[in-house]
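Structure, as structure tokens:
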Amino acid sequence: MINGHTKIFGILGRPVAHSLSPAMHNAAFRRLGINAVYVAFPVTDLAQAVSGLRGLGIGGVSVTIPFKEDIIPLIDDLDPQASRIGAVNTVVNRDGRLTGYNTDWLGAMTALTAKISLKGRHVLILGAGGASRAIAYGIIQAGGRVSLTDVDQARATALVKDLGGEAIPLNTVGDCPATVLVNATPVGMTPDVDGIPIDPDLLGRFKVVMDIVYQPLQTRLLREAQARDAATIDGLQMLIHQGAAQFELWIGMTAPLEVMSRAAYAAVGDL
């Protein structure tokens, strides 16, 4: 029951109507009997939206495309890991003071390490946006090696300058000896369901392929990788685990992970 005591949380993005985070977090609130609601906020002006968080007493928000880097100068404090990564996906409002965190790297590492140890592994990341920053940070912290490519070579170069690894041109991906692949681009996302961010003929070299796209859940990239006997990780795994970490930052309670997982997978089926 929503009433005058209901705490409000949400997600800032553009577009954002497709997000599964409301289903996931609202299921967690219901399970734990917390008087709170999580809604999608489609943002047209980020600065005004951030001001509104303070003015309305919003308890906290997730931050998604395209605002994970742009929000940093608009908030008051940065967690050291978010500062190192250079991207924020979580904001906590403590009495009007906004602190930015990054739980994407935790979500990605939980998903990846369920399939393979990253220590000493060479990982190729496709894309150089905010999610890529978090994933690269996590892999390097886990003792892995990162190669990264993007259609914007300057952006890829800036990322590895900040975090480590190597930036490689798109046309040299076939020469990269990585054995783990992470797609951190939107290629393959609905409605571009036939899109694939890498030549399928190159997929045979990878032991593990992870896609952060979750609409559709089984992207063409994952299907092509499975056909070549790679272990695959769908985009919901990162989403669920980063969401659980967000929940714990906002609420201060252990997240009901299985409840959030079931809600996310059920929501994909409803799309």
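The values are calculated or read from the model by the stated rules, or taken from the named source; none is laboratory data. Owing to the predicted nature of the structure, the values given are computational and were not obtained by experimental measurement. For neighbour counting, all protein chains shown are included, and Cβ atoms are generated from backbone atoms with ideal geometry for every residue, glycine included. We work out accessible area using only protein heavy atoms, side chains counted, and drop any ligands, DNA or RNA first. Shrake-Rupley method; radii C 1.70, N 1.55, O 1.52, S 1.80 Å.
Annotation: per residue accessible area for the stretch 1-160 equals 43 Å², rounded to a whole number [probe 1.4 Å, protein chains only]. Mind jotting down the distance between the C-alpha centroids of the stretch 138-155 and the stretch 7-44, whole Å? Comparing the Cα centres of the stretch 7-44 and the stretch 138-155, I get a distance of 30 Å. Using just its DSSP H runs of length 4 or more, each adding -39500 (n - 2.57), the chain gives a mean residue ellipticity at 222 nm of -11500 deg cm²/dmol after division by all residues. Leaving ligands, DNA and RNA out of it, report the carbon-plus-sulfur percent of the accessible area of the stretch 1-139 at a 1.4 Å probe. Looking at the stretch 1-139 in its full context, I get 54 percent from C and S. Helix 257-270 and the longest principal axis of the Cα set of the chain meet at an angle near 80°.
Below 11 angstrom from the Cβ of residue 220, what's the summed charge of the other residues (Lys, Arg +1; Asp, Glu -1)? Net local charge, residue 220 excluded: -3.
Using a Debye calculation, one point per C-alpha and no hydration shell, please list log10 I(q)/I(0) for the chain at q = 0.08, 0.11, 0.12 Å⁻¹ in order. Once normalised to I(0) and log-transformed, intensities are -0.31, -0.59, -0.71.
Taking 1 over the mean of 1/r across every pair of different Cα atoms in the stretch 1-114, what Kirkwood radius in Å do you get?
Values: mean 1/r = 0.0684 Å⁻¹.
It works out to 14.6 Å.
Under 22 Å from the Cα of residue 207, which lysines turn up, not counting those fewer than eight places away in the same chain? Cross-link targets: 115, 119.
In the chain, the longest principal axis of the Cα atoms and the axis of helix 104-113 are about 50 degrees apart.
Computed across the stretch 168-271, the Kirkwood radius stands at 14.9 Å (inverse of mean 1/r, all Cα pairs).
Taking a straight Cα-Cα cut-off under 28 Å and skipping sequence neighbours fewer than 8 places away in the same chain, the lysines within cross-link reach of residue 7 are 68.
How much of the DSSP bridge set in the chain is antiparallel, in percent, rounded to the nearest 5?
Looking only at bridges with both residues in the chain, the antiparallel portion is about 20 percent.
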